[in-house]
Amino acid sequence: MSLSRLLERLLQLIPVLLGVSAIAFLMMALTPGDPVQIMIGDQSITPEQEAELRRGLGLDRPLLERFFIFLGNALQFDFGTSFYHRRPVSDVIAERLPATIELSLVALIVALVTAIPLGVLAAIRKNSILDRLATVGSLLGVSLPGFWFGILLIMLFAVHLQILPVSGRIGYSSEVSTITGFLLFDTLLHGDLPAFGDALRHILLPAITLGLPMTAILMRVTRTSMLEVLRQDYVTFADAKGLPRRRVLFRHALKNALIPTVSVAAIETGSLLGGNMIVEAVFGWPGLGRLVVESIFLRNYPLVQAAVLLYAVTYVLLNFIADILYTVLNPRVKL
Amino acid sequence: MTVLLEVTNLRTEFSARAGLVRAVDGVSLQISRGECLGVVGESGSGKSVTFSSIMGLVRPPGRVTQGTIFFDGRDLRGMSPEEMRGVRGRDIAMTMQDALTALNPALTIGEQLAEVLVAHDETLPTGRAARRVAIKDRCVEMLGLVGIPSPDSRLRQYPHEFSGGMRQRIMIAIALACRPKLLIADEPTTALDVTIQAQVLELISDIRARMGMAVALITHDLGVVAEHCDRVMVMYAGQVVEEGPTEDVIGHPRHPYTRGLLASIPRPAMRGQPLTPIKGQVPNLMGLAPQCRFHSRCPLAEPSCLVEVPMLSAGPGRRARCLRLEETV
Ligand SMILES: Nc1ncnc2c1ncn2[C@@H]1O[C@H](COP(=O)(O)OP(=O)(O)O)[C@@H](O)[C@H]1O
Ligand code: SF4
Ligand SMILES: [Mg+2]
């Protein structure tokens, strides 16, 4: 794909992102409840003071003007002050973001490395016991509520077997100073292998819980597309060429079968963001998801607004990446 | 000429919900070294399944249930799947009807060519760099052989970047890469327009003469058979109904089905004409009664034809599956 086509596609994102920003803005602007009243709480102030406060927040200006101010600020990552933390929203989010990204990435990896081999095996051994088990398993995977599955895992591995920790990102004894905020990375940078192992043990259960629905979906997608691909003439032709079975399955069939899997994985990564809120709550994971849930309860509007925008932008970008991956993997499609 | 491929009494069945479909029923055939055998018959008569069976490429729910297949003195039906992989692509190669779907859209044609050599060619050097160079040279050579201009630069391209005729040539190049003793060309021209058809057939004939390779040319086109094949075999409803030297069979067909096929084609302009179907329907291949399968459509049919009909001698080197051959002398 040429650079100019890529740029063109990137430009096409602009209206989408504008729309998304407008929604995030309006969500807050039109939500019942006056932020000024919330800030005042039960303190008593004069109407003049209240008007002053309103002007200070820019709330006295017309909606459209406020939207452009919001946009301009957002472009500079300025989302105002978190009422609760009394610090810039962007700082608070930046602090929590690595934990969430790390958890999502590990969940994604867990999903990919289990779903793809299972899907391929289920397709090759269609209607075998393994295929049936995988089918039932994936049905459960998409339908089980995440918190329920998470609690089940905690009860089994943390409470009953006591081989994995219940919550948090790392034990107190292994804490290391922050470099990137990604603990799996930081512990390695410190050369502290035991701490790395500890962080890994902590992330395992939440990552599995978070990745479960995605594993189930990706397995189904891989199985279906693999079955479809195995019926194609080019697989028969590869067999007619007398290629080793390995090569027919993994080079000829899988390379094509993975095209939908990879696209769906990129799109589904966006849905991990939603799953994060529940999983982080269940596993006491100090990430963005938990922060957002807390902020909603605290009516910490600026933070919620910034998070919504962040989620939406991430989602749009992931879809964009899915498109790009699809074309990169599929030489037939030109952007 | 010595026999290269000898198939006896081959039967291939597909199990479907409604019952067993006998797609190939009692097919026997022989191909000598360097010979070109034409295989004709209406669509659905079992041509492709016959040759897929020979290559061991029938997949469930299909199964070869009976018969022997000897190739170059070796018993193919007795071979393990792994042994068959050593025969396919090296000794027996195949091209499929539609090159667009037969070439993998996600792999470059260079890779699709090279992998056959990697799988089968023991003469390649073992050193990594030398091996790479040798493979590349062979790929360029093969593409040149089938008439792809500037092959060097086209190895890195994907199938969709080639025209239909070029793709057919590439598929032929892949099939010929290991210099097989037998090429099975399954309707190599059906998907192409007329001028390209002629070029592709010339190419196969030309290479066949140069490599001394035998060819089984499956086609709808009796004109193609007349021009390129030494012998011809006519299939109907999963059986061979007539076989013999091309000139004899086309000049003087003995089986009523073959006569019907030829009658429907204006003689001087035979080439390029598809087979026009004869009145009536091909019988359902499920649960056939033991009787002449052409009975319902045959102008010579008699009640005495309602028995199982074997292949009968129909002149020197010729056989036909009909009880009333004396009517067609
Ligand atoms: N995969 C399959 N499943 C069930 N039946 C099949 C399958 N492939 C072929 N057949 C049966 O075999 C018959 C012959 O098919 P085929 O050899 O492809 O015909 P031809 O190549 O002469 O056009 C078909 O009419 C069909 O009934
Ligand atoms: S056996 Fe009878 S029905 Fe069959 S082809 Fe010959 S004449 Fe026709
Ligand atoms: Mg066919």
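Things worth noting here:
- Modelled this way, with points 7 Å down the Cα-to-C-beta line, the labels at B:E83 and B:L300 are 4.3 nm from one another.
- Relative contact order %, region B:75-214, counting alpha carbon pairs below 8 Å whose residues are six or more apart: 36 percent
- If only the Cβ of Lys and Arg carry +1 and only the Cβ of Asp and Glu carry -1, the dipole of chain B around its Cα centre is close to 400 debye.
- Residue mean of other protein chain beta carbons inside 10 Å, B:112-120: 4
- Computed over protein heavy atoms with a 1.4 angstrom probe, the accessible surface ordering of A:W285, A:W148, largest first, is A:W148, A:W285.
- B:L300 contributes about 50 Å² of solvent-accessible surface, heavy atoms of the protein only, 1.4 Å probe.
- Of all accessible heavy-atom area on the protein assembly as shown, the percent that carbon and sulfur account for (1.4 Å): 61 percent
- Scalar couplings 3J(HN,Hα) for region B:7-14, obtained by applying the Karplus form with A = 6.51, B = -1.76, C = 1.60 to θ = phi - 60°, are 10, 10, 6, 6, 9, 10, 10, 10 Hz; x denotes Gly and Pro.
- Nearest-10 value in Å² for the accessible area of B:T190, using the 1.4 Å probe: 70 Å²
- Rolling a 1.4 Å probe over the protein chains gives A:D192 an accessible area of about 50 Å².
- Nearest-20 debye value, region A:57-116 charge dipole, Cβ charges on Lys, Arg, Asp, Glu: 100 debye
- Lysine pair count for the protein assembly as shown with Cα-Cα distance under 27 Å and sequence separation of 8 or more or different chains is 11.
- If you plug the beta carbon distance of A:L10 and A:S44 into 1/(1 + (r/R0)^6) with R0 = 51 Å, you get a FRET efficiency near 0.50.
- Separation of region A:34-80 from region B:145-191 is 70 Å, based on Cα centroids.
- Heavy-atom SASA rank of B:L10, A:L26 (probe 1.4 Å, accessible area, largest first): A:L26, B:L10
- Most mobile listed residue (A:N276, A:N127, A:N319) in chain A, GNM with C-alpha springs under 10 Å: A:N127
- Virtual paramagnetic centre 7 Å along Cα→Cβ of B:E6, amide N under 17 Å, in region B:220-250: none
- Dipole orientation for the protein assembly as shown: of the candidates A:Y234, A:L310, B:A18, B:A18 has the Cα lying most toward the positive pole (charges on Cβ; Lys, Arg +1; Asp, Glu -1).
- List A:L254, B:L145, A:L243, ordered by accessible area with a 1.4 Å probe, largest first: B:L145, A:L254, A:L243
- From its DSSP helices (H runs of at least four residues, each -39,500 (n - 2.57)), the protein assembly as shown gives a residue-normalised ellipticity at 222 nm of -16500 deg cm²/dmol.
- Taking B:L262, B:L306, B:L76 in turn, the Gaussian network model of chain B (Cα-Cα springs below 10 Å) assigns the largest fluctuation to B:L306.
- Dipole in debye (nearest 20) - region B:1-66, about Cα centre, beta carbon charges: Lys, Arg +1; Asp, Glu -1: 260 debye
- Distance between modelled label sites at B:Q281 and A:L298, nm, 7 Å Cα→Cβ extension: 7.7 nm
- Relative contact order [Cα under 8 Å, 6+ residues apart], region A:188-335, whole percent: 24 percent
- Candidates A:P331, A:G150, A:T215 compared by Cα position along the dipole of chain A: farthest toward the positive end lies A:P331, with charges placed on Cβ.
- DSSP-defined beta bridges in the protein assembly as shown - what % are antiparallel, rounded to 5: 65 percent
- For A:V328 and B:A16, the FRET efficiency from 1/(1 + (r/R0)^6), where r spans their Cβ atoms and R0 equals 56 Å, is about 0.90.
- A prolate overall shape is assigned to chain B, the ratio a/c of its alpha-carbon gyration tensor axes (a ≥ b ≥ c) being 1.5 or greater and a/b exceeding b/c.
- Values of log10 I(q)/I(0) for the protein assembly as shown across q = 0.09, 0.10 Å⁻¹ run -0.89, -0.99, by the Debye formula with one identical scatterer at each alpha carbon and no solvent.
- Theoretical FRET efficiency, 1/(1+(r/R0)^6), r = Cβ-Cβ of A:N73 and B:T126, R0 56 Å, to 0.05: 0.30
- Local charge for A:I179 was computed over the other residues whose Cβ lies under 12 Å away, with Lys and Arg +1 and Asp and Glu -1, and equals -2.
- Take each peptide in B:208-216, B:103-111, count the other Cβ atoms within 10 Å of every residue, and average; sorted highest first, the result is B:103-111, B:208-216.
- In order along region B:92-100, the phi-based Karplus estimate (6.51 cos²θ - 1.76 cosθ + 1.60, θ = phi - 60°) of 3J(HN,Hα) comes to 10, 10, 9, 10, 9, 4, 10, 5, 5 Hz; Gly and Pro are listed as x.
- Note on B:R210 and B:T65: the extension gain reaches 48.5 nm, defined as 0.36 nm multiplied by sequence separation minus the Cα-Cα distance.
- For A:T81, residues with placed amide H under 5 Å, excluding near neighbours: A:V89
- Buried area at the A-B interface (accessible, heavy atoms, 1.4 Å probe, summed, Å²): 2300 Å²
- For chain A, the membrane-span-like helices by this rule, meaning whole DSSP H stretches whose C-alpha atoms cover at least 24 Å of axis and whose Kyte-Doolittle mean is 0.5 or above, are A:3-29, A:89-124, A:193-230, A:254-282, A:301-329; this says nothing about an actual membrane.
- For peptide A:242-249, the mean count of partner chain Cβ atoms within 10 Å of a residue's Cβ comes to 5.
- Close amide H partners of B:T65, meaning residues 5 or more places away or on another chain with modelled amide H under 5 Å apart, are B:R11, B:T12, B:E13.
- Mean Cβ count within 10 Å, highest first, over the residues of peptides A:236-242, A:165-171: A:236-242, A:165-171
- Take each residue in A:322-332, count the other chain C-beta atoms within 10 Å of its C-beta, and the mean is 2.
- Selection from A:S90, A:G58, A:L184 lying farthest towards where the dipole of chain A points positive, charges on Cβ: A:L184
The values are calculated or read from the model by the stated rules, or taken from the named source; none is laboratory data. All of these numbers come straight from a predicted model, not from anything done at the bench. So basically every Cβ, Gly included, is an ideal-geometry build from the backbone, and we count neighbours across all protein chains shown. Note: accessible area is taken over every heavy atom of the protein model, side chains too, but ligands, DNA and RNA are not part of it. Shrake-Rupley method; radii C 1.70, N 1.55, O 1.52, S 1.80 Å.
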